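Each remark here refers to the structure printed beneath this line.
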Amino acid sequence: MGWLRPSLLGPATPPRPAAAAGPGEPRALRCYHCWRDFTISPRAVSARCPLCTKGLQLADVVVTGVRRTAQVQTCGWVIVEPKGHLTASRIEAGLGVRVMGELRLAGAVGAAAAAAITAGPLILGPSARWAGNGSASRLLIDEGAVIEGGRFAIQIPVGAQLAPIPA
Ligand SMILES: [Zn+2]
């Protein structure tokens, strides 16, 4: 199974969620603590990172309604669907964040300002509405998306060791 090639991720094209890997295929995921890549059984729903040993949430987080929460963490994708409204203080997503509805980063966790952090792309679709800070390896914004405010950092998290993309 291959990694998503950045060149194939057009902004209007939904990325293939990690959970869509074929049955029996190991899932490629990324730890949101140490940002290193690993693969795991497709049936696993929780695990410890084989590299930093911290407990992990593995399933993609897909928001279809109104959800307000302090923290969202996943080794896969955080996806806010067109009718989804997510408000959170902190989002950590290993593979990426894709917003087609509304995402608001508000409040604070400890001393850190609210932010969404991923080692993958941050994708704002044509119906996206965004408010808050974000950090991602790439930023893709469709015409029609609304950014009310926030600061963006384009960077790979410190310590990240991303799996090479197969040729
Ligand atoms: Zn780890």
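Throughout, read-outs are computed from the coordinates displayed, never taken from laboratory work. Keep in mind that what you see is a predicted model, and the values were worked out from it rather than measured. Positions of Cβ are backbone-derived with ideal geometry, glycine not excepted, and every protein chain shown enters the neighbour counts.
Rg/Rh for region 24-167: what does it come to with C-alpha atoms and Rh from Kirkwood?
0.96
How do 36-44, 124-132, 97-105, 67-75 rank on mean C-beta neighbours within 10 Å, highest first?
97-105, 124-132, 67-75, 36-44
Starting at the first residue of region 144-161, write each ³J(HN,Hα) from the Karplus equation 6.51 cos²θ - 1.76 cosθ + 1.60 with θ = phi - 60°, in whole Hz, x for Gly and Pro.
Coupling constants for region 144-161: x, 5, 10, 10, 6, x, x, 10, 10, 10, 9, 6, 8, x, 4, x, 5, 10 Hz.
Counting only residues 5 or more places away or on other chains, whose amide H sits under 5 Å from the amide H of residue 61 once H atoms are built in the peptide plane?
77, 78, 79
Between residue 117 and residues 5 or more places away or on another chain, which pairs have amide H atoms under 5 Å apart, with H built 1.01 Å from N, and which residues are they?
91, 92, 93, 135
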